[in-house]
1. Relative to the longest principal Cα axis of chain B, at what angle does helix B:330-378 sit, 0 to 90 degrees, rounded to 10?
2. Please say if the stretch B:108-178 is rounded, prolate or oblate, where rounded means a/c under 1.5 for a ≥ b ≥ c the square roots of the C-alpha gyration tensor eigenvalues, and otherwise the choice is prolate for a/b larger than b/c and oblate otherwise?
3. Can you compute the FRET efficiency between B:Ala251 and B:Ile303 using 1/(1 + (r/R0)^6), with r the Cβ-Cβ distance and R0 = 22 Å? Round to the nearest 0.05.
4. Label A:Ala63 and B:Glu100 with points 7 Å out from Cα along Cα→Cβ: what is the distance between them in nm?
5. Which lysines, on any chain, are close to A:Lys253 with Cα under 17 Å apart, when same-chain ones fewer than 8 places away are left out?
6. Can you bin chain B into rounded, prolate or oblate? Criterion: square roots of the alpha carbon gyration tensor eigenvalues sorted a ≥ b ≥ c, rounded for a/c under 1.5, prolate for a/b above b/c, oblate for the rest.
7. Counting only DSSP beta bridges with both residues in the stretch A:4-314, what percent are antiparallel, rounded to the nearest 5?
8. For Cα pairs less than 8 Å apart in space and 6+ apart in sequence, what is the mean separation divided by the residue count of chain B, i.e. the relative contact order in percent?
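Nothing in this text is a laboratory measurement; each read-out follows from the coordinates by a stated rule. Not measured: the values here are computed from a predicted model. Quick reminder, even Gly has a Cβ in these numbers, built from the backbone with ideal geometry, and neighbours come from all protein chains shown.
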Amino acid sequence: MAAALLEARDLCKYFYEKKNVFPAVERVSFAIREGETLGLVGESGSGKTTCGRVSVGLYKKTAGASLYQGRDIHRMSKKQYFDFTKEAQSIFQDPYAAFDPRQKALDIVAEGIDIHRLAKNGGVRRRMVVELLEKVGLREEHASQPLTVFSGGQRQRLGIARALAVNPRLIFCDECVSALDVSIQAQIINLLLDLQASRRLSYLFVSHDLTLVRQISHRVAVMRAGRIIETGETEKVCAAPRHPYTQALLAAKPIADPELEAIRGREKLFLTPPEKSGPVPGGGCSFYAQCPSALPACGKAPPPLLEWEDGRQVACYQVS
Amino acid sequence: MRALLEINNLSVSFPGPAGLARAVRDISLQVGQGECVALVGESGCGKTVTAQTIMGLLEDQSFIINSAEAIIFNGQPIYEYSSKQWRQFRGKEAAIVFQEPMAALDPTMRIGGQIAEAITCHRRGFPWLGKKAAYRSVSRLLADVGIPDPEIRARQYPHEFSGGMRQRAVIAAAIAGDPALLIADEPTTSLDVMTQNQILELLNTLRRERRMALLLISHDLGVVAGAAERVIVMYGGKIVESGKVADIFYAPAHPYTKGLLRAGQQKNDGSKRLFTIEGMPPSPLAPPVGCPFAPRCREAMSICGRTPPPEVTLVQGHSASCWFCRPNRPEAAEREREREAEREREAETGKQAATERERETERERETERERELEKGTEK
């Protein structure tokens, strides 16, 4: 097995507010190998974005470690971290908030090129940007246009071009298609898949949509209330989810089929979706209150993430 | 069913420095009393502008609407309303729920206060309805939209609410005036899948209980499938197809609707790639002369780019604006045969590609095995 490109070991991130502590990420471990995509799934407030941000060093950690090729990101010197940013890039959720609206597309995409001094002169810089724009499905004339003329999908392409500019090996995609229309979503996913095939990129793909993650990632980690509750190969997890929460998450996505929806409508009532996310006051399993098959033990202590023989890990008393 | 809302040949344009942006071009639709109609389309297709026009939310000088009679609500042409009548209309006759609940709520005001405002606003004629009574109905409304502990929650601020709860509060404010029509403009887009389901369920329950008509606007056909009775598909400011939910989902006629239904599904040619609709939606500044979808349509004929297609009724209540849907067109039959052949070819090449890929992975695996063996012998 190839060594992991990015590895999180018992990563914790707590947010402090006056005397309150909010454990947003609680002992999360995962590994991403080269050319592989890890999907991080969970509903809003599950800590998936925080987890991603801590693991690539956008937030400071509270405990644990995040290793990039064996080196701890949070213990890197400024110089080392600067070099790391050339290897790892991010694409953010909101294509309207991720850029300076007064910049031109050329300058937006060239940001990484400028910071890492990858272009010898303006001509080279422009050529590099145009090449990137074409790679993500935009045209040369877009380079000199201001950001305001770009639509949501085009902006997301700009975000991808900006991330690709420094020739990274790892891209952290934080809900990078959630704000887009379904048909544009598919275009962006295809683009990410093509880039992965041609450049052996690794993705940390954060999304709330398990069916979308299923399309793109090799392995998936389902998060809830700051913990990973199920992880394994995507196809295995999606085909036969073991944790009741994963099952609920898979069933939640609406299907474009009215008759199926009518049948599912009744089933969905069965699994009342969660009201509150975040840590459970009693300290039990985060899905305890909604779980259709909860045991008394579930309310007392959070179930440990146990490894199964097929390489999957599930945190549930019921199935272990 | 009597039509509650009737839109006849509505066009809305916005004058701007770059010319006239034609956001909505000549659309007609009807929403019956208590009916749930979905308006589906990509961003920029004019669905939100349609909703805003119905609610009279566009600034007077900033847009051009073709005629005052274009929108008839309950038999009344609403664009002849005075501003006082408009105030009566909004909230009481029709109400709207927006995509972003945080933007719709005042962050400095308690949730209860914001909903009470909607109540007292519309019951001005009832002096006996005091603040206390208003707060009592606030609690009831909050309970109706599924917010637990309504008395406590009413005293909280929007930042103390989660996204789904905020959207519920916004819905509570919208239904406070007992509107006959509720417009939900992408009500679930900013929410995650779990909450999405709950909000859709809630909207549908409210519609049934209150006999309220619902105009559900979304870009996601999945959202629409479980809720709507009729679906209207918009593209490039025009209605391209409309029909009962089963017609649209099981017998889509317009290539755009077909594309939308397929978008996001995995291609079954062995790769992990997804179906997409290639290209970008047209600009409202320079809408295509013919069919708005022609530049992206894989089946476009030369006539599609020249002349806008007529609206063709396929079955009762199901119509599409597409040259292909016109009955007895010899070209259509010919194209059908061509496409059939093309599909066969595609399937074959797809198969070839798949076997090719399999062979490659096989080869890779073998070399890896050899390498491992070598390592073993070295040791």
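1. 70
2. Prolate, because a/c is 1.5 or more and a/b exceeds b/c.
3. FRET efficiency, B:Ala251 to B:Ile303: 0.40.
4. 3.8
5. Cα-Cα hits under 17 Å: A:Lys268.
6. oblate
7. 60
8. Answer for chain B is 18 percent.
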